[in-house]
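The values are calculated or read from the model by the stated rules, or taken from the named source; none is laboratory data. Nothing here was measured: the structure is a model prediction, and the numbers come from that model. Glycine also receives a Cβ, built like all others from the backbone with ideal geometry; neighbour counts cover every protein chain displayed. Note: areas computed on protein heavy atoms with side chains; ligands, DNA, RNA excluded. Shrake-Rupley method; radii C 1.70, N 1.55, O 1.52, S 1.80 Å.
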Amino acid sequence: MKIAIASCLEEIASGFPAILLDAYGVFWSGGMGPYPGAKETMERLVLAGKKVGILSNTTQLSAKEIAKLQSHGLILGKHFHFYLTSGEIAKEIFSQGKIPFPTLRKKFWLLGKEHPRFASHKPLFEGSCYEETSNLEEADFIYLSIPHVNGEDQVTIDHFQEEVLRVQKRGIPLICPNPDKWAHEGNPPRAVVRQGSLAALFQEAGGDVFYTGKPEPMAYIAAMQHFASLGISKPENVLMVGDTPETDIRGAKRAHMASCLVLQTGIMADRIQKMGVSAAISACPDEDTADLFIEKFAK
């Protein structure tokens, strides 16, 4: 199968008034900051009149991520126009009491412990009607934290399997604020387990899971609301750029956005290393197959 692959985003961006970027694995390397040339590429896109948004499945709040980018020289208004996180979407759902299942006690139980390298889940529930309980039996739902073992990210789900299957037997829903099964973290970056992997295990065991973030429609609807304020009203005018077919590309296609997959960084790069380019792309079902492909984000 012959696959057309551009070298970088700027080679294919001219036909799109708006660009929606995933962060980790696209322009941002977990633990290392922006990839070489990413800052300059984003600035040129903005100077060319593109509206540039960031849509990330991180559970951190948007303000925290914007501050992190600023500390690396990526400035709101100069390099991008908005940063929307799955955590921000979850916080809005909690604050508005829009959880789509009964919550008679208004209590949740935390699956896992707070990750020492990331902000607590507590700010997501501030100002909401929900409070945390240490008693699983009195909880209405389970909130899934960022997986780790004693502060160390893991490369398999083995350490989490027993606990996930145990709590699933309680028979209450689980909220997964990050549908990504894997994320690139560390120096050098490696694929580590994230909430989506545990949620899938919970679901396979018969549990009900409510997701926020990509590929859920609510994430792309929220992104389009930001674009609308910038004069971009049609999703067909937006190019979504990501590294994970099952979240970035699937969600974009459902939202009727054009989609672009990065091949040499992030999650897709791991698959290509094991399978080769053609096999890794062919393994994606139609709903996860991007319209366009680039080697890297920047030149």
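Ranking of TRP109, TRP28 by solvent-accessible surface, largest first: TRP109, TRP28 (1.4 Å probe, protein heavy atoms only, all chains present). Measuring between their Cα centroids, region 9-67 and region 84-149 lie 28 Å from each other.
A convex hull fitted to the Cα coordinates of region 194-292 yields 113 cubic angstrom per residue.
For the chain, the share of DSSP beta bridges that are antiparallel, to the nearest 5, is 20%. Computed over all pairs of different Cα atoms, the Kirkwood value for the hydrodynamic radius of the chain is 19.6 Å.
Here the dipole of the chain is about 480 debye; that uses its Cα centre as origin and unit charges on the Cβ of Lys and Arg (positive) and Asp and Glu (negative). Straight-line reach from LYS107: which lysines have Cα under 16 Å away, leaving out those fewer than 8 places along the same chain? Reachable lysines: LYS91, LYS98, LYS122. Counting only protein heavy atoms and using a 1.4 Å probe, the accessible area of ASP286 comes to about 130 Å². Residues LYS169, LYS107 ordered from highest to lowest accessible area at a 1.4 Å probe: LYS169, LYS107. For the residue pairs LYS50/LYS299; LYS214/LYS296; LYS253/LYS296; LYS169/LYS274; LYS181/LYS234, alpha carbon separations beyond 24 Å are given by LYS169/LYS274; LYS181/LYS234. Mean residue ellipticity, 222 nm, helices only, the chain: the sum of -39500 (n - 2.57) across DSSP H runs of n ≥ 4, divided by residue count and rounded to 500, is -8000 deg cm²/dmol.
A Förster distance of 35 Å, applied to the separation of the beta-carbon atoms of LYS299 and GLU92, puts the FRET efficiency at 0.45.
Over the C-alpha trace of region 125-240, radius of gyration and Dmax come out as 17.0, 49 angstrom.
To the nearest 20 debye, what is the magnitude of the charge dipole of region 168-266 about its Cα centre, counting +1 on the Cβ of each Lys and Arg and -1 on the Cβ of each Asp and Glu?
Rounded to the nearest 20 debye, it is 120 debye.
Under 5 Å from the amide H of VAL209 lie the amide H atoms of LEU174, each residue being 5 or more positions distant or on a separate chain, with H modelled from the backbone and absent for Pro and chain starts.
Computed from the C-beta positions of LYS122 and GLU287, the FRET efficiency with R₀ = 45 Å rounds to 0.80.
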